[in-house]
Amino acid sequence: MHPDLLGGLIVGVPAIIVAYFALWRRQRPVFWFAVALILVGIGYLVAVGTTADIANLVLGVPSP
């Protein structure tokens, strides 16, 4: 699996789960806005290259 995708999943899935439990029952539009902000944030991290660093850190692979 590509490190950018894996790093995005490592960061994004827990963030969306927290947003789901915090916002789903009370304010669904705010939950969807939070998901959009999470996706924008992950896109920024991919553009900068941080998600690959996160994936390499979790997998124990030395960074190039």
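Looking at I54, is it in a helix (DSSP H, G or I) and in contact (Cβ under 8 Å) with a residue 40 or more places away in the chain? Walk me through it before giving the result.
Values: in a helix (DSSP H, G or I): yes; in contact (Cβ under 8 Å) with a residue 40 or more places away in the chain: yes.
Judged against the criteria, I54 is a match.
For every residue, the table says whether it meets (1) of a type in the set (K, R); (2) at pLDDT 90 or above.
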site: P3; (1), (2): no, no
site: I10; (1), (2): no, yes
site: R28; (1), (2): yes, yes
site: A34; (1), (2): no, yes
site: G43; (1), (2): no, yes
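Consider the range 1-23. How many of its residues are surrounded by 13 or more Cβ atoms within 10 Å (Cβ to Cβ) and either among the small types (G, A, S) or not in a helix (DSSP H, G or I) (or both)? Break it down stepwise before answering.
Quick first cut of the range 1-23, residues surrounded by 13 or more Cβ atoms within 10 Å (Cβ to Cβ) only: 3-12, 15-16, 19-20, 22-23.
Then drop every residue that is not either among the small types (G, A, S) or not in a helix (DSSP H, G or I) (or both), which leaves 7-8, 12, 15, 19, 22.
Number of matching residues: 6.
The values are calculated or read from the model by the stated rules, or taken from the named source; none is laboratory data. Source: prediction; values computed, not measured. Reconstructed Cβ throughout: ideal geometry from the backbone, glycine too, with neighbour counts over all protein chains shown.
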